[in-house]
1. For the stretch 95-143, with equal point scatterers placed on the C-alpha atoms only and solvent neglected, what are the log10 I(q)/I(0) values from the Debye formula at q = 0.17 1/Å, to two decimals?
2. Using the crude model of +1 on Lys and Arg Cβ and -1 on Asp and Glu Cβ, and no other charge, please compute the dipole size for the chain relative to its Cα centre, in debye to 20.
3. Output the relative contact order of the stretch 107-177, whole-number percent, from Cα pairs under 8 angstrom with separation of 6+ residues.
4. What angle do you read, to the nearest 10 degrees and between 0 and 90, between the alpha-carbon axis of helix 2-15 and the longest principal axis of the chain?
5. Find the relative contact order for the chain and round it to a whole percent, using C-alpha pairs within less than 8 Å whose residues are 6+ positions apart.
6. Would you list which aspartates and glutamates come within 13 Å of K157, measuring only between C-alpha atoms, while excluding same-chain residues fewer than 8 positions from it?
7. Taking 45 Å as R0, compute the FRET efficiency from the Cβ-Cβ separation of E140 and S18 and round it to 0.05.
8. Which of the following values of mean projected area of the Cα convex hull in nm² was calculated from the structure shown: [x] 9.2; [y] 11.3; [z] 12.0?
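Quick note: the coordinates plus some simple rules give every number you see, no bench work behind them. As the structure is a computational prediction, the values presented were derived from the model and not from experiment. Reconstructed Cβ throughout: ideal geometry from the backbone, glycine too, with neighbour counts over all protein chains shown.
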Amino acid sequence: MSRVFSILFLILFLSGCSSVHYNTPYQSSDKPRIQKLANMLMQLSHDPIESKELATLAVTHSKVLANRYNLVSPPLYHNFLVNSGQREKGLCYDFVDDLMAEIRTRNFKHFRFRWGRANADQLDEHNVIVVLGSNTPFQEGIILDAWRNSGILYFTKVKDDPKYSFKPWLEGDRRIQ
């Protein structure tokens, strides 16, 4: 009897998981999200061109990475697939590394980037990019989190994140720069 319940549970669990694929990295429905992020970034840099460029890059490249990682949703299930060897990449720090590599190709002059880390060395550790202006304190920075919503970029101020309490991670910063 317990075997039947186990199989039923597994079927129900897996049926809630689905592959993620974005046909194009930019869709017209992204425009309001890009504009909202660009407005937030403007508060840090006061440079409308760089703010719009970074916002567009972050929103669209998050989808590119989700496709590249053959992402499944929810993200925790994808983590299971990576940790069990069924997927190569797609953990939160993979998104940080690969999104930051793309950001570096643009040579932004009005932004600084830090590695944000929550729940360090715990099972639910989480990593993000934190965007700062030249004099922005870490808690006022903006989180770029491509993992949380399976390739749909999540962003908010560090201090306003309802789920995680991020701290700067100096070792991670060495990987960002």
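1. -0.55
2. 200 debye
3. Relative CO of the stretch 107-177 lands at 33 percent.
4. 30 degrees
5. RCO, the chain: 21 percent.
6. E140, D145
7. 0.80
8. So the calculated entry is the one marked [y].
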